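*Asks:* Got a structure for you, written out below as structure tokens; questions coming shortly.
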Amino acid sequence: MLKAAKLKTKILLFFGTIIIATIFVQCAVSFIQLTKSHNATIEAHKQNFDTLIQASVDNLLGVLDVNHQRYLDGEITQAEEMETAKKIVRDTRYNNGEGYFWADLADGTCIVHMNPEYEGAQRFNTEDQEGNYFVQNFIAAGNQANGGFTEFYFTKPNEEGTFKKRGFTEKFEPYGWYISTGNYYDDVENIIEKYQKQKILSLIGIVACGAVMGALGIIWVLLLSERMTKHLTSVTQRLTLLSQGDLHSPIPDVKTGDEFETLSIATQQTVNNLSGILYDIHNVMKGFSEGNFILNSTLEYSGDLSEINNSIQSFSGNISKTLSQIYAASEEVARGSKQVAEGSQTLAQGATEQAASIQELSSFVSEITESIHQTANDAGQAKQIAIESSHSSSQGQQQMQEMIAAMEKISHASNEIGKIIKNIDDIAFQTNILALNAAVEAARAGDAGKGFAVVADEVRNLAGKSAESAKITTELIENSMAAIASGSKIVSETAASLNQIITSSEQTADMIQSIADAAMLQKKSIDEVSGSLTQVSTVIQVNSATSEESAAASEEISSQADILKDLIVQFQFENHEATFIERY
């Protein structure tokens, strides 16, 4: 309202100043033109006065000329002519009887005058109150061609004192008379005063008309500015509400047919466009907050607002792509963890079978030990025992070969598990990177991305757990592989010993006595083999336990991967790995 009032004041001051300046200039021009006109009129009247007295003298001279012609024609005598001429000069009047004539001779003698006191008087050296020899001036003016004008001071009939006059004198040659007449300046000044009064009244009228027109102009400007600021205020107030986020208040309906109506229509269009765009953005962000990152908007964003639409489209595409990649990675993690779990179960089962085989082997070695004791006690039965030992050694050799093959399978399976765990670790690393990218995108999204930030954080935690589990499993498998390698070496040595036993058994018939002597040594070796088998059994049991733990960790990773997938599929997004849209 303050701004409107300021605009109204500015309009009023601007147009008021123009109106006042225009009136002032008009009054000044009118004053100048009126002054020129009055001066011209006064000059014209002055000229009329001069023309009047000159024409009157000329007329009088014409009458005297007619009178002289009568004398020349013999109609009258010279005495009658002169008497008639004096009467003509003395009695002739003009200007409503106020103008009269007089005649002087060249020596200054007054021949004719309406005042008998001046007739016959010598006035050649007579001065007026200003010291002018006015009679001499009359004669000098009369001697000019067509006469001349003079100014002097003289008495006025029925009034006291002397008054300034302007006279005209022309010489009548037949008589040698200098015929003169004149106007009092009082008459001219009265005319001037009359015109001055008219001039003042005209100026007062002009100023009054100017004041009235100025007042009417200011009132008109006031009404116009009120009308203008009224529409402008209503529109600016609506724009102020728009700047405060109000998209529902009605737009002022301006029907003026000018720019104010255009401004009102533009405001209506602006509010409608912004309302539609903001409502569309609200729906899109609401969908984002509900996990729907698929854009279904068909509204076109015009001008600079198109950048907002581009940003929303880019955000939706990036989030959909990230979620699709996380979903695909979670599936891969789930499949890999299941494979690791199955491999771990197989490894555990193989380790259990190996433990059983080693147990059987330990029992068998115990029997060999007992046989060697019996050989020491009963050399007579050495050959039979040697044969049985040879047979048993052959079986032990076969079992040793089977155990070596089983150990190689365990080693191969451990290597495969190591590769799988390496893949799990890589997947966990990639999942962690995707989770970090998702967290960054969620942070860019602001409040609308908080829910997704929580999901990204959970994904990152699961990736960390997967990496930690994979690390532990790797260490366990490496320990198992080292133990298996050691066991394989011992088994190989045992197999070589058994081969030697078989060879010795085949030569038993010839070396019974030697076998009897070597029985104690063999007993000692068998004791060592028994201890080694015990160690192998312990390692295999540890491998079995480790495999079971690895299987459990793999099942945990698979479970966490399923949880991650369940979290991801809560969102709606375009699957960039396929051509369908997931929705659970």
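The values are calculated or read from the model by the stated rules, or taken from the named source; none is laboratory data. The structure displayed is predicted, hence computed values, not measured ones. Ideal geometry is used to build each Cβ from the backbone, glycine not excepted, and the neighbour counts take in all protein chains shown.
*Asks:* Of all residues in the stretch 217-262 being buried (at least 17 other Cβ atoms within 10 Å of the Cβ) and polar (S, T, N, Q), which is nearest to residue 13 (Cα to Cα)?
*Replies:* 225
*Asks:* Only one residue in 547, 505, 530 is over 60 Å from the mean Cα position of the chain (by Cα), more than 21 Å from residue 384 (Cα to Cα), surrounded by 21 or more Cβ atoms within 10 Å (Cβ to Cβ) and at pLDDT below 75. Which one?
*Replies:* Numbers: 505 fails: more than 21 Å from residue 384 (Cα to Cα); 530 fails: surrounded by 21 or more Cβ atoms within 10 Å (Cβ to Cβ).
Only one candidate qualifies: 547.
*Asks:* Which of (1) closer than 17 Å to residue 169 by Cα; (2) at pLDDT below 95; (3) among the aliphatic types (A, V, I, L, M) does residue 121 not meet, given it meets every other one?
*Replies:* Looking at each condition in turn, residue 121 falls short on (1).
*Asks:* Examine the stretch 379-386 for a residue that is touching a Ser or Thr at 6+ places or on another chain (Cβ under 7 Å) and modelled with pLDDT of 70 or more, and state whether such a residue exists.
*Replies:* no
*Asks:* Within the stretch 196-250, work out how many residues are touching a helix residue (DSSP H, G or I) at 6+ places or on another chain (Cβ under 7 Å), assigned to a loop (DSSP other than H, G, I, E, B) and at pLDDT below 80.
*Replies:* Total satisfying the criteria: 1.
*Asks:* Go through the stretch 114-153 and report how many residues are surrounded by 17 or more Cβ atoms within 10 Å (Cβ to Cβ) and within 22 Å of residue 51 (Cα to Cα).
*Replies:* 12
*Asks:* Next up: So, in the stretch 61-89, how many residues would count as being free of Cβ contacts under 8 Å to residues at least 40 places away in the same chain and under 19 Å from residue 168 (Cα atoms)?
*Replies:* Of the residues in the stretch 61-89, 4 are free of Cβ contacts under 8 Å to residues at least 40 places away in the same chain and under 19 Å from residue 168 (Cα atoms).
*Asks:* Here is a list: 153, 100, 118, 133. Which entry is closer than 12 Å to residue 180 by Cα, assigned by TED's automatic domain parsing to the domain that holds residue 185 and more than 60 Å from the chain's Cα centre (by Cα)? Break it down into steps so the answer makes sense when it comes.
*Replies:* On the way: 153 fails: closer than 12 Å to residue 180 by Cα; 118 fails: closer than 12 Å to residue 180 by Cα; 133 fails: closer than 12 Å to residue 180 by Cα.
The conditions single out 100.
*Asks:* Looking only at the stretch 117-152, how many residues end up being free of Cβ contacts under 8 Å to residues at least 24 places away in the same chain and assigned to a loop (DSSP other than H, G, I, E, B)?
*Replies:* Total satisfying the criteria: 16.
*Asks:* Looking only at the stretch 32-91, which residues are assigned to a helix (DSSP H, G or I) and either among the acidic types (Asp, Glu) or within 60 Å of the chain's Cα centre (by Cα) (or both)?
*Replies:* Initially, the stretch 32-91 is screened for residues assigned to a helix (DSSP H, G or I), giving 32-72, 78-91.
The answer is 32, 33, 43, 50, 58, 65, 80, 81, 83, 91.
*Asks:* Scan the stretch 309-321 and give yes if some residue there is surrounded by 19 or more Cβ atoms within 10 Å (Cβ to Cβ) and within 21 Å of residue 247 (Cβ to Cβ), otherwise no.
*Replies:* Checked against the condition, which is being surrounded by 19 or more Cβ atoms within 10 Å (Cβ to Cβ) and within 21 Å of residue 247 (Cβ to Cβ), the stretch 309-321 yields at least one hit.
*Asks:* Scan the stretch 275-297 for residues that are part of a helix (DSSP H, G or I), modelled with pLDDT under 75 and loosely packed, with under 15 Cβ neighbours inside 10 Å and report the count. Even if it seems obvious, please write down each step before you answer.
*Replies:* Of the stretch 275-297, the ones part of a helix (DSSP H, G or I) are 275-289.
From the residues that got through so far, the ones that are modelled with pLDDT under 75 too are 279, 288.
Within this subset, residues satisfying the condition of being loosely packed, with under 15 Cβ neighbours inside 10 Å are 279.
Counting residues in the stretch 275-297 that are part of a helix (DSSP H, G or I), modelled with pLDDT under 75 and loosely packed, with under 15 Cβ neighbours inside 10 Å gives 1.
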